[in-house]
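The values are calculated or read from the model by the stated rules, or taken from the named source; none is laboratory data. Worth saying up front: this structure is predicted, and the values here are computed from it rather than measured. Reconstructed Cβ throughout: ideal geometry from the backbone, glycine too, with neighbour counts over all protein chains shown. Areas reflect the complete protein model, heavy atoms only, side chains present, ligands, DNA and RNA absent. Shrake-Rupley method; radii C 1.70, N 1.55, O 1.52, S 1.80 Å.
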Amino acid sequence: MDFDLSPEQLALRATVRDLFADHYDSIEQRNAVSSTDLGWSESLWRQAATMGLLGLPFDEEYGGMGAGPVEISVAMEEAGRVLAPEPFVEAVYLPGMLISRAANPEQRKRMIAPLVAGDTRAAFAHDEPGSRWPTNRVQTQAKQDGDQVLLTGRKRPVAAADSADLLIVSALTTEGTTGLYAVDAGSAGLQRHVYRTHDERRGAELVFDQVPAEPLAERAEVTALVTEGYICAQTAQCAEAVGAMRAVLQLTVDYLKARQQFGVPLSTFQALTHRAADMYEAVELANSLTLQATAALADGIVDPVLASRAKLQVGRASVFVGEQAVQMHGGIGITREYPASHFLSRLTAISRTFGSTDDHLRHLASLVGTD
Amino acid sequence: MRLQLTDEQEAFRDRMRSFFSIAVPQEIRDKVAAGAELSREEIVSSQQILNAHGLAVPQWPVAWGGQDWTPVERHLWTDELQRSATPMPLVFNTSLVGPVIAEFGTEEQKQRFLPATANLDIWWCQGFSEPEAGSDLASLRTRAVREDDHYIVNGQKTWTTYAHYADWMFALVRTDPDAPRKQQGISFLLIDMTSPGVTVRPIELLDGAKEVNEVFLDDVRVPAENLIGEDNQGWACAKFLLGNERGGFAMSQVVRRRLAQAKQAAAEIPCGGGNLLDDQLFRARIAELETTAQALEVTGLRVVAGSQSGRPNPISSLLKLRGSQLHQDTTQLLLDVAGPDARLFEPGSTSAPDWAPRTARTYLNNRKSTIYGGSSEVQRSIIASSILGL
């Protein structure tokens, strides 16, 4: 039993931390990037590609690093610490994983290699208006038309679809099964309505009107494939949340020491230091289940119960830690000029992505039985 | 990072599991599983069985009956012991005073006390808290004055668990009232409970249990050879002991057993059109508690896996803080499952099953767990100061 990172994983963490420090040393730097149209840094993205960060989980034959969930969690925890807005999970890891599981060898090479190289970006278009986790009622239609397949339907929200070149789309076949399709984001008949999120991310609503699509998989197990992809993605996001919680807790602790009121530092008030202790508790318990969920994936175990437990614990902790950080900062906490509010936004978003805390609790509750 | 046990660790766990599944008589383990009170004889005989197999004090030095185990193996020992509902060896003997004597005692003291302590031939109680020294332990006032080769001890200890069973007490006493800091001037003394001047008065707890006492010490003569460590250096022993006390809070199998018991009982209790186990609110409550239990277990494993260095891990404060709350939450859950029958105080006085009246006692009794061993407020202060630097 060993919770330690290997020397290689520690080196990865140091490298990733340096990369983010170069770009997001201050909240001003980070806000300057997140307020552009793109919302993230192309120069960071190119460096991430060069150092292998984008290719972490992919096979070496596609230019990847052949690494695993532990390395992804290490990198995402660092991203969380600085609120890096780059869509690593949404534009690369999740769609790339679906391609690598669903597609044939020729498709994999053609689609994954440019993602890893940083030349293209993808997005997974699965959710539809009104759908809630776990999305299992896809209504977008896939119709065979001669030798091609045409997609018709509406997808929203689709994270990172604003800047995606390649869309991985779930759709219902005429036989009633769900298939996965690759769509060129520049295809005729496809409309993109770009949106921004409260946590300064980007995405798009996609409207498909007989858009030509390339089948990746039309198998009964597509639902299982999507579940697996979500579990990998949500575990990576749990690690990002842990990084964000650690950072905002440190920010709060530093503020309690520095800020003076009534002639003394705030850290002399036990009402505040005890709440900081409760924040620490929340972060560490969330971290424990994130580590366990990550280690399970690294052992090749896709365990929806464990993944939901991590989501539940991280979701509860995210809201508590984010809200307390803002509260304990007072007025400065509710401004956009100071990082605390950005952490709250991001943690709020994560706790409602890939299923909300309530969704995962409902799922766990449905499985309760006598031992 | 690898969270699975190694093959050797699995083999070790299996060895523990098969030992504990038969070592202690079933009727004793049934009582533990049901949360019933054990007699002094049952606690003694079960520890003696473990000790005969070298499994009562694995955390002690090997020379005094300990085992040369890794932290993971020690964890597996605790886990399997609790899983089998074997009574835990008496904490005052095995986790508190034993390690202090082994660390600070003279060779003669070790010979005299350690084998008898491991075998529970001596039953120890802890003379730390006083009416005016609770969380602020260093304010203790019990006075010990040296007269030739004896200390004359006067004062009062309180919340002394099992003092009515105890043969000996390990106590903190003030030997130098003029020391510049209150932590200085304290000594660690071993007091024979049969000494003239020792009076034990039971304190009835909120659930009716008689487990804690006041202990009055009036001109009690204690031979100077019963001093552990140096005169006025008792605080070092106390800090060492409290570190072990806080590190020892891992009762996840007890929590798991209560959750299983709650689910089993709920399946038999009508609710709405079905039974309580079908109820969405109840299921959500179980799911939350099971998730917290798992998060705590993994956190405990992080402490175990990281404790190769032997230094106490400050995260153990977190285990005490959240673990004690989870204990209370599960006792409250059982109370709610028992429903109206939880108000019946005496098991066996009606046709209600025995477990139901016991739930209120267990719930009430467990309010202590966020108070003893460093209250939740003390744990928060430790986290804030020693981990967060506040």
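Averaged over peptide B:316-326, how many Cβ atoms belonging to another chain are found within 10 Å of each residue's Cβ? All intermediate terms of the calculation are to be shown ahead of the outcome.
Numbers: counts 0, 3, 7, 2, 0, 4, 5, 0, 0, 1, 0.
Partner-chain Cβ atoms within 10 Å, mean over residues of B:316-326: 2.
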Let me understand the stretch A:224-366 better: what is its radius of gyration from the alpha carbons, and its Dmax, in angstrom? 16.6, 60
Within straight-line cross-link reach of A:Lys143, lysines at Cα separation under 30 Å, skipping those fewer than 8 residues along the same chain: A:Lys109, A:Lys155
Of the residues A:Pro134, A:Ile112, A:Ile168, the Cα lying farthest along the dipole of the stretch A:69-192 towards its positive end, which is defined by charges on the beta carbon of Lys, Arg, Asp and Glu, belongs to A:Pro134
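Nearest 20 debye, what's the magnitude of the dipole of the protein assembly as shown about its Cα centre given +1 on Lys and Arg Cβ and -1 on Asp and Glu Cβ? Mind showing how you got there, number by number?
On the way: 71 positive and 96 negative charges, 265 e Å.
Its charge dipole is roughly 1280 debye.
Accessible area, 1.4 Å probe, largest first: how do B:Ile269, B:Ile101 sort?
Details: B:Ile269 45, B:Ile101 0 Å².
Ranked from most to least accessible, the order is B:Ile269, B:Ile101.
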For every other residue with a beta carbon closer than 11 angstrom to the beta carbon of A:Pro105, add +1 if it is Lys or Arg and -1 if Asp or Glu, then tell me the sum. 0
Shielding of A:355-368 by partners, i.e. mean partner chain Cβ atoms within 10 Å per residue? 4
Please give every one of the aspartates and glutamates within straight-line cross-link reach of B:Lys110, meaning a C-alpha to C-alpha distance under 14 Å, and leave out same-chain neighbours fewer than 8 residues apart. B:Glu225
Can you give me the orientation-averaged projected area of the convex hull built on the Cα atoms of the stretch A:151-277, in nm²? 11.1 nm²
Using only atoms on other chains, find how many Cβ atoms lie within 10 Å of each Cβ of peptide B:285-292 and report the average. 6
Ranking request for peptides A:96-106, A:41-51: highest mean number of other beta-carbon atoms within 10 Å first, then the rest in descending order. A:96-106, A:41-51
For the stretch B:147-161, Karplus couplings with θ = phi - 60° (6.51, -1.76, 1.60), whole Hz, Gly/Pro x: 10, 6, 9, 10, 9, 9, 10, 9, x, 9, 10, 9, 6, 7, 5
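Can you sort A:Cys238, A:Cys232 by 1.4 Å-probe accessible area, starting with the largest? Please report the intermediate quantities before stating the final value.
Working: A:Cys238 5, A:Cys232 40 Å².
From most exposed to least exposed: A:Cys232, A:Cys238.
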From phi via Karplus (6.51, -1.76, 1.60), per-residue ³J(HN,Hα) for the stretch A:31-36 in Hz, x at Gly/Pro: 5, 4, 6, 6, 9, 6
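Sequence gap at least 6, Cα distance under 8 Å: using those rules, report the relative contact order of chain A to the nearest whole percent.
Details: 665 pairs, mean separation 57.0, N = 371.
RCO, chain A: 15 percent.
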Out of the trypsin sites (Lys or Arg not before Pro) in the stretch B:168-201, which ones are loop residues according to DSSP with at most 15 other C-beta atoms within 10 Å? B:Arg181
If you wrap a convex hull around the Cα atoms of the stretch A:122-220, how much volume per residue is inside, in Å³? 91 Å³
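I need the peptides B:217-230, B:18-31 ranked by packing, meaning the mean over residues of other C-beta atoms within 10 angstrom, with the highest value on top.
Details: B:217-230: 17.6, B:18-31: 15.2.
Answer by packing, highest mean first, reads B:217-230, B:18-31.
What does the highest-first list of A:148-158, A:8-18 look like by mean Cβ count within 10 Å?
Numbers: A:148-158: 19.9, A:8-18: 15.1.
The peptides rank, most packed first, as A:148-158, A:8-18.
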